[in-house]
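A short worksheet on the structure shown next.
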Amino acid sequence: MSAQLEKFTYDDDIVRKFCLATVIFGVVAFLVGIIIAIQLAWPELNMGISWLTFGRLRPLHTNAAIFAFAGNAIFAGMYYSSQRLLKARMFSRALSLAHFWGWQLIIVAAAVSLPLGITSGKEYAELEWPIDIAIALVWVVFAVNFFCTIWKRRERHLYVAIWFYIATIITVAILHIFNSLAIPASLFKSYSIYAGVQDAFMQWWYGHNAVAFFLTTPFLGLMYYFMPKAANRPVFSYRLSILHFWSLVFIYIWAGPHHLHYTALPAWASTLGMWFSLMLWMPSWGGMINGLLTLRGAWHKVSEEPVLKFFVVAVTFYGMCTFEGPLLSVKSVNALSHYTDWTIAHVHGGTLGWNGFLTFGMLYWLFPLLFQTRLWSKKLAEFHFWIGTVGILLYIVSMWAAGITQGLMWMAFDQTGRLLYPDFVETTLRLMPMYWVRVLGGILFLAGALALVVNMFMTWKNRPKKYEEPVYEAPALDRSYQEPKDESSPLKDNPAHFPKLAYKVDRFKRAAWHRRWEGLPLLFSVWVAIAVIVASLFEIIPTFLIKSNVPTIESVKPYTPLELYGRDIYIAEGCYNCHSQMIRPFRAETDRYGDYSKPGEFVYDHPFQWGSRRIGPDLQRVGGKYPDLWHVRHMREPREVTPGSVMPVYPWLLEKDTAYGKIQKRVDVMAMLGVPYGEALNRAEIMARDQAAEIAARIVEQGGPADLADKEIVALIAYLQRLGTDLNRPVEPEGDAAAEPVASMTEEH
Amino acid sequence: MAENGDNKDRLLNHLYDGIQEFDNPLPTWWVAIFWISIILTPFYIIYYHGGDGRSAIDKYNASVLAHFDKQAEELLAMGPITEGTLAGFQTDEAKMAGAAQLFVSKCSSCHGMRGEGNIGPNLTDEYWIHGGRLTDIYRTITDGVPSKGMLAWGKQMGLGDILSLSAYVGTIRGADPSSAKKPQGEPFNYDLDAILAEEAAAAPQEPAETEDPAAGAS
């Protein structure tokens, strides 16, 4: 073994950059969160300005919190810890910078495009196709930089934090690429290649695993580095690390369908989602146990060290949320919780508590090292901890109360078997006090983050003129190294003779085999990829191939060109953020909204719009429910027709012109995706104008304003009046249907 | 995998940037719950996917039938729909309370919260476009006025609900709420006794003139 020492340094400048971006975008994400929280309690704050409405700002909030705040925090922590755990400087400074600036540009692009209504309409994956491509490219840059650093490493075995980083990088790439597949209709508009049930499945395969592999695995990796470092204690159990890592990576992938219980998703998929969610409980708690028990013998430090306080609360919230998750995935619990604020409470426990507090703890620990001076104020960090904790608790408790209250109100019947609260808005008004408590919680959390900004700035001000760059020494890896045979079996200490098999079982149980993998990053990464891909395919293949999952409904026809355009407005305005289009088979829902949703109704929905939260009522069968004029007045001023409504006003829909010139291209793209468009392939624009004229005339007849034919509102009304009406439409005779598949739809309402 | 004193907190010879690892065994309760979560759910699957009447849709259908049976019983007990039966509903407090809620949820968006009129006509004045008898109102609600945007609620609501609503609309006649819409249609002086006398005179022709509520409920 040649032991020639190599000299190397670490790149901490890139870590400083990512830390700064984390803090800046954290404040932005929390601030936007507070704005939209106030909008729900006080809709006047939407101010009648399109780019300030809830439907457009809510995706901005979620994207900023997940990809800008948490994303930059992950990168900061990964760049800092990986270099030290691998005893190697990052492979390429150029790639590091390309990663950093590329990611920030993507965030800026998101911050501009989302308020403008440029969105693909899929939750947590709203960014349009050019940005999606940029994300994929930057991710590849990051991956190359990271894996080449592993290749150059001077530490033989990979520490558990690195395992989690590997799982993150591989899986996020797979999720992002396959969920985002779409065909562009223009630079800012594309249609998902999946439709209806399949799109919903892919979206929640992605959505759930974004939580898993963007907000869980990388943060577990950070925890495994920063927590033992800050506490100066060994990790509780190496074996537990191994078992909970692999079970987490394998099991998480399956659990996505628990977001779609009682929907048109086939029941087998939903049941699988529930089962794997329950199995996920202990693998998740493995991380919590390893985190909290690592602090054994260091608890006295927690009382005086804000960094450890943040870590302890973060890991506790992680444990709470990963218990709540399996609980919510149980179908009968989900029947109550789905579409309510309970889900909102659950995710904020995770993001504010786990991701937020782990990040804050990490930053407070890093600042003195990165700025090479002591933290400006430990007291201020203590203040941040306490005010942040109170903020999270106010947030979560108020949303639990709101969610359970509204869920129970939706389901309540009186003695005669009729809905006790038939008027939806009644259930909304009941939540208002809770919504104000949430606002207060958010403000406290933001106040804490601002304390962090001050502390960071003041610490940075005290930095030395020039940062020291310590030089480290370690021998290069010996490429001919062979893992020594594991000879340490406890069976050997026993005088009795054991058969060979016993040694093998013992070796497996003690996870001694795993040590070899830790020295072979390529093998390790391949196994991670296999675990993720195999688990995915088990659900994806049947979802796409089994015809009986989505029984055809003959009366379901494609949207007319105008309705398609109206649907695009629905997506752009982010209506799906507050309205579901998925009626579950409960009498409480069918009495309120109409027939429960059938899988065959969504076959032309690229993308699906089932939604995940009912801040307003379900819209799947809103078609024909109200006269056209009602919609005009409702969009202009919702409170005029529904007193107490918290919906924003949409006056610009009555002013903005429908871009008839764009419609043909969109119809063509839909046809490319397999939507049987027939006649509309040649004369989409004419058909759209005809239908718009009809609707506009009807609005006038009902006593509404004239001259709306060319306005967006008419296209949106065309879509809304179509929603859910195909199911019970009589099927036309064969010949006519083939010749004129879409023209007849406007007649009936 | 019980924790025994010997291998508790044994340090492994791992060292990463100063971080060490213990070789502690997996906590027994952790392993136990993990196994339980793996083993238990297949039983759930076998039960809920293994027989008629246990799936979500089967349960839903059963709940709808149970509710339908309850409504059908009430309707059969009621007999033919006449001004008299509908007027009788108006004294049934439970029915009127339910109908008032239905009015708020289904009708108020066009006719106003108190029937004062909005997109749709004022229901509290003496003017009626499609007839002011309770049976007229019943027919208007059931068949709708599609050209004016009034839906045919017969397709969307149960018969019992429509009957209660028709009776309820009769009770807000003359309420004179604030901000009422100006009158539309023909003036109509509602005289229950006269209508009942008329119905009594026509009674011998029964059942040709009346509808069978049970048939309409399907």
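Semi-axes of region B:1-158's equivalent ellipsoid from the Cα gyration tensor, sqrt of 5 times each eigenvalue, largest first, rounded to whole Å?
Computed over region B:1-158, the values are 67, 24, 14 Å.
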- Task: Starting at the first residue of region A:70-84, write each ³J(HN,Hα) from the Karplus equation 6.51 cos²θ - 1.76 cosθ + 1.60 with θ = phi - 60°, in whole Hz, x for Gly and Pro.
- Result: 4, x, 4, 5, 4, 5, 4, x, 5, 5, 5, 6, 4, 4, 6
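Using only DSSP helix segments of four residues or longer, with each worth -39500 (n - 2.57), what per-residue ellipticity at 222 nm results for chain A after dividing by its residue count and rounding to 500?
Details: 29 runs with 449 residues, N = 749.
Result for chain A: -19500 deg cm²/dmol, rounded to the nearest 500.
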- Amide H of A:Thr658: which non-local residues (sequence gap of 5 or more, or other chain) have their own amide H closer than 5 Å, using H built in the peptide plane? A:Lys711, A:Glu712
- Quick one: Karplus J couplings for region A:531-536, per residue in order, coefficients 6.51, -1.76, 1.60, θ = phi - 60°, nearest Hz, x for Gly and Pro? 4, 6, 5, 4, 4, 5
- Item | In degrees, nearest ten, helix A:196-214 long axis to first principal axis of chain A (Cα) | 30 degrees
- What's the local net charge at A:Ile106, with K and R +1, D and E -1, over the other residues with C-beta under 12 Å away? -2
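Could you list A:Ser92, A:Ser81 so that the one with the fewest beta carbons within 10 Å of its beta carbon is first and the one with the most is last? Please list the in-between numbers first.
On the way: A:Ser92 16, A:Ser81 26.
In increasing order of surrounding Cβ atoms, one gets A:Ser92, A:Ser81.
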- Message: Bins of 10 Å, beginning at zero and ending with the bin holding the largest distance: percent of Cα pairs per bin for region A:13-461, please.
- Response: 4, 20, 32, 29, 12, 3, 0, 0
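Rank the residues A:Leu5, A:Leu85, A:Leu708 as a footprinting-exposure proxy: fewest other Cβ atoms within 10 Å of their Cβ go first.
A:Leu5, A:Leu708, A:Leu85
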- Message: If I require 20 Å or longer along the helix axis, counting alpha carbons, and a Kyte-Doolittle average no lower than 1.0, what helices from chain B are left? Use full DSSP H segments.
- Response: B:28-48
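Longest span of chain B, sites excluded, free of GluC sites (Glu not before Pro) in DSSP loop with at most 16 other C-beta atoms within 10 Å? Please report the intermediate quantities before stating the final value.
On the way: sites that count: B:Glu3, B:Glu126, B:Glu209, B:Glu211.
Looking at chain B, B:4-125 is the longest stretch - no exposed GluC sites (Glu not before Pro) with at most 16 other Cβ atoms within 10 Å.
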- Task: Any chance you could list P(r) for the protein assembly as shown, counting all Cα-Cα pairs in 10 angstrom bins from zero, rounded to whole %?
- Result: 2, 11, 19, 21, 18, 13, 8, 5, 2, 1, 0, 0
- Taking Cα atoms, the helix A:561-572 axis meets the longest principal axis of chain A at an angle in degrees (rounded to 10) of 40 degrees
- Note on the structure: If one compares the long axis through the Cα atoms of helix A:712-722 with the longest principal axis of the Cα atoms of chain A, the angle in degrees, nearest 10, works out at 90 degrees
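Under 14 Å from the Cβ of A:Ala671, count the other residues' Cβ atoms, weight Lys and Arg +1, Asp and Glu -1, and hand me the total.
Details: positive: A:Lys557, A:Lys665, A:Arg666, A:Arg683; negative: A:Asp668, A:Glu679.
With Lys, Arg at +1 and Asp, Glu at -1, the neighbours total +2.
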- Between B:Val145 and residues 5 or more places away or on another chain, the pairs with built amide H atoms under 5 Å apart involve B:Met150, B:Leu151
- May I ask you to list the GluC sites (Glu not before Pro) in region A:415-521 that are in a DSSP loop and have at most 13 other Cβ atoms within 10 Å of their Cβ? A:Glu468, A:Glu487
- Could you list which residues have their amide H under 5 Å from that of A:Val235, counting only those 5 or more apart in sequence or on another chain, with H placed in the peptide plane? B:Gln20, B:Glu21, B:Phe22
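Within 10 Å of each residue's Cβ, count the other Cβ atoms and sort A:Phe8, A:Phe586, B:Phe103 from fewest upward.
Result, fewest neighbours first: A:Phe8, A:Phe586, B:Phe103.
Compare the peptides A:660-666, A:444-450, B:180-186 by average per-residue count of other Cβ atoms within 10 angstrom and give them in order, highest first.
Ranking the peptides A:660-666, A:444-450, B:180-186 by packing returns A:444-450, A:660-666, B:180-186.
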- Message: Restricting to DSSP loop positions (anything but H, G, I, E, B) with no more than 13 other Cβ atoms inside 10 Å of their own Cβ, which chymotrypsin sites (Phe, Trp or Tyr not before Pro) remain in region A:504-557?
- Response: A:Trp513
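Quick note: the coordinates plus some simple rules give every number you see, no bench work behind them. Keep in mind that this is a model prediction, so the values were computed, not measured. So basically every Cβ, Gly included, is an ideal-geometry build from the backbone, and we count neighbours across all protein chains shown.
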